[in-house]
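Here the structure comes first, spelled out in structure tokens, and everything after it is commentary.
The values are calculated or read from the model by the stated rules, or taken from the named source; none is laboratory data. All values derive from a computational prediction rather than experimental measurement. Counting neighbours? That spans all protein chains shown, and the Cβs are built from the backbone with ideal geometry, glycine included.
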Number of protein chains: 2
Amino acid sequence: MTTIRDVAKKAGVSVATVSRYLNDSGYVSGDAAKAVAAAVKELKYELNPVARSLNTKKTNLIGLIVPDITNPFFPELARAVEDVALTYGYTVILCNSDENPEKEKNYLETLKKKYIDGFIVTSNQLDAPHYANMALPIVALDRAINEHIPTVASNNREGAAIGTRVLLERNCKKILFLRGPEELNPANDRYEGFMDAIRDAGVDYQIVVCPFHFADSEKIVDEVLREHKDIDGIFASSDVSAAGALKAASKLGINVPDELQVVGFDGIAMGAMLTPGLTTVAQDVYKMGAIATRVLIKRIENQVEEQHFFEVPVQLKIRGTTRSVEK
Amino acid sequence: MTTIRDVAKKAGVSVATVSRYLNDSGYVSGDAAKAVAAAVKELKYELNPVARSLNTKKTNLIGLIVPDITNPFFPELARAVEDVALTYGYTVILCNSDENPEKEKNYLETLKKKYIDGFIVTSNQLDAPHYANMALPIVALDRAINEHIPTVASNNREGAAIGTRVLLERNCKKILFLRGPEELNPANDRYEGFMDAIRDAGVDYQIVVCPFHFADSEKIVDEVLREHKDIDGIFASSDVSAAGALKAASKLGINVPDELQVVGFDGIAMGAMLTPGLTTVAQDVYKMGAIATRVLIKRIENQVEEQHFFEVPVQLKIRGTTRSVEK
DNA sequence: ATATTCTGTGTAACCGGTTACACATTCGGA
DNA sequence: TCCGAATGTGTAACCGGTTACACAGAATAT
């Protein structure tokens, strides 16, 4: 393995000059630069990033902490993070937290020791002490907002209002809202948005808490639909629970969209694959990931950025689980 | 930051003794061990992994190279890899290759410089020179087999035969096989398996090449079904293309499973969410990832392991896109 | 009793970079 | 002409560990 000292010797300069040349820092004369460049080329020298990291305490590594990459919301996020990171010369470490604070903390600490440069985090624990004491750049995604930590999120509230209006405009008379877990910020924002739209609509509605989980949702919706035959619209706080609702309806022989219209939230790829295709309020997940990564890297590289909250607009995708609007 | 020298001073021993104690290597007397342990505790000493890596050229980092984490096959794989890696104290770096040899090569080289310990790779380029010269532990997943690289894969051929027989047993008279891309090994194995089962079945069949992509599949199947109204069974080489087929059938007003039965391959979560639920030959993706990770770590830690090929059995999941067997 | 091996420890080089600081020259301005 | 600033370079300490090697005393073998 050829080292910086080999290069220095070959080029007839000191290691300091070689290092300055390589990092484009301090003064290096044209002659010296040329000599070093030649030596580097001839010796096929490649800088050892680990040795550099030991000094600089930087690694060009960023951590992505998600609850579970298996949840269809996150792969696209991961993809965006990785794409943008690569552009800036960073590499991504994937961490599944299972929403478990211990696991999160463990990752945070282990990787910090390894001189990781920063984290992108999807977590509900952002106010926990291990985040406060991190002293490492962090960007929060989708979840909790903390005044010290920049956050990227969809306009969940407005999106939910939009989704609800889709059902109202299509003459739903009794709407079931599948509210997400109460400990999830975005789920609560969506609840607010639903209320914004339904409050003065003069339409009957019902709210049921339902995890973002297919089988659970199917079961819950099945029970509700059996009990309340007059429900003719469902707004689900996630596409996965919307899929569960569709399954339940299908098993009960309820025709979608003729007897029951369904709107989801998220915009995961699966929505288009269902039959009928799922009408949904789509988040621009890729964009969220890309923004979060850029913001993080800016922080890592000490470029000031006063903006703290980044809202990514949501996009309505009308597909087959809702009818066309009657005039 | 407290260093090993601080600990040595506090414990009244040399840094070598401390290092030996920490690594459980060489001789350390009971007294010395006790003194060091006390000093470590008192000073809250934590070893610096970067400094260690500079010497050992090991980092407890492994790379996971997948074509695209967004493809529903891979998140579960990634999850398995991460879970098992964590168990052994390793961390996972996620790399999307887009099947692009340049990108792959780039990741391989960049991370090798960072002293990454090994790779788990899903790639068709495994015979490319940059793999041969790696001199780093690698385990291949799902794709190409190379005699130097341990491989973990499903029994694709047998699985495809099983899937085909599902249609045969249910009296399909004309079967459409959606063959996967010809440059993909597993797709070819599935083709062989289909042929194994269909060859002497005395049933009409047709083969169409179809990428593992929803919209493309929908389009292709739509065309084929329009042309050949007598097709009453489809075996798709992937669940995603099966979903496309279902969509096409639905748009053409063909009832599944009464007029047309469909079987997929992969077992991704989406299959259960479709209506009707997709009958499929499920791969145990999690297990594949787990095995691959264990094999890789064994190699990294120089534990010999003569076995080179690990086959993971496939599991048939009968759901609603096929009828019950007539007696 | 002597040779050999095992146990235990410390010194210092090494992994491969970065950078503070000292020093020398050159140049522009007063 | 003199001085301070700008330019350019090298030495050596430093980042925080690991480990080869030398050495010493105790245990075992002959």
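What is the number of the single condition among (1) assigned to a loop (DSSP other than H, G, I, E, B); (2) under 30 Å from B:D258 (Cα atoms) that B:E306 does not meet? B:E306 satisfies every listed condition except (2). Any chance segment A:10-30 includes a residue that's more than 10 Å from DNA strand C (Cβ to nearest atom), among the hydrophobic types (A, V, I, L, M, F, W, C), away from chain B (no Cβ under 14 Å) and touching a residue at least 24 places away in the same chain (Cβ under 8 Å)? There is at least one residue in segment A:10-30 that is more than 10 Å from DNA strand C (Cβ to nearest atom), among the hydrophobic types (A, V, I, L, M, F, W, C), away from chain B (no Cβ under 14 Å) and touching a residue at least 24 places away in the same chain (Cβ under 8 Å). Scanning segment A:74-122 for residues that are part of a helix (DSSP H, G or I), touching an Asp or Glu at 6+ places or on another chain (Cβ under 8 Å) and facing chain B (nearest Cβ under 7 Å) turns up A:R79, A:K113.
Check whether at least one residue in segment A:227-250 is surrounded by fewer than 22 Cβ atoms within 10 Å (Cβ to Cβ) and in contact with a helix residue (DSSP H, G or I) (Cβ under 8 Å, 6 or more places away or on another chain), and report yes or no. No, segment A:227-250 contains no residue that is surrounded by fewer than 22 Cβ atoms within 10 Å (Cβ to Cβ) and in contact with a helix residue (DSSP H, G or I) (Cβ under 8 Å, 6 or more places away or on another chain). For segment B:54-64, which residues satisfy the criterion of being surrounded by fewer than 23 Cβ atoms within 10 Å (Cβ to Cβ) and in contact with a helix residue (DSSP H, G or I) (Cβ under 6 Å, 6 or more places away or on another chain)? Once the filter is applied, which keeps residues that are surrounded by fewer than 23 Cβ atoms within 10 Å (Cβ to Cβ) and in contact with a helix residue (DSSP H, G or I) (Cβ under 6 Å, 6 or more places away or on another chain), segment B:54-64 yields B:L54, B:T59. Look at (1) without any contact (Cβ under 8 Å) to a residue 60 or more places away in the chain; (2) away from DNA strand C (no atom under 16 Å from the Cβ); (3) surrounded by fewer than 18 Cβ atoms within 10 Å (Cβ to Cβ) and you find that A:Y107 fails only one, number (3). Among the residues making up segment A:1-45, those that are more than 10 Å from DNA strand D (Cβ to nearest atom) and crowded, with 19+ Cβ neighbours inside 10 Å are A:V7, A:A39, A:V40, A:Y45.
With respect to the stated conditions, B:L54 is at the interface with chain A (Cβ under 10 Å from one of its Cβ atoms) and within 15 Å of DNA strand D (Cβ to nearest atom). The lone criterion from (1) in contact with a Gly (Cβ under 7 Å, 6 or more places away or on another chain); (2) not assigned by TED's automatic domain parsing to the domain that holds A:Q261 left unmet by A:I175 is number (2). Of the residues in segment A:128-135, none is out of contact with any strand residue (DSSP E or B) (no Cβ under 9 Å at 6 or more places or on another chain), free of Cβ contacts under 8 Å to residues at least 24 places away in the same chain, away from DNA strand C (no atom under 16 Å from the Cβ) and within 12 Å of chain B (Cβ to nearest Cβ). Applying the criterion of being within 14 Å of chain B (Cβ to nearest Cβ) and more than 24 Å from A:G118 (Cβ to Cβ) to the residues of segment A:31-51, the residue that is farthest from DNA strand C (Cβ to nearest atom) is A:K44. Just one residue in the set B:I234, B:I254, B:I268 is away from chain A (no Cβ under 12 Å) and not charged (D, E, K, R); that residue is B:I234.
Listed by first and then second residue, the pairs with beta-carbon distance under 6 Å, at least 6 apart or on different chains, first residue in segment B:38-56 and closer than 18 Å to B:A11 by Cβ, second more than 16 Å from DNA strand C (Cβ to nearest atom), are B:L43/B:T2; B:Y45/B:T2. Residues being touching a residue at least 40 places away in the same chain (Cβ under 8 Å), surrounded by 18 or more Cβ atoms within 10 Å (Cβ to Cβ), more than 9 Å from DNA strand C (Cβ to nearest atom) and among the β-branched types (V, I, T) are represented in segment B:71-91 by at least one member.
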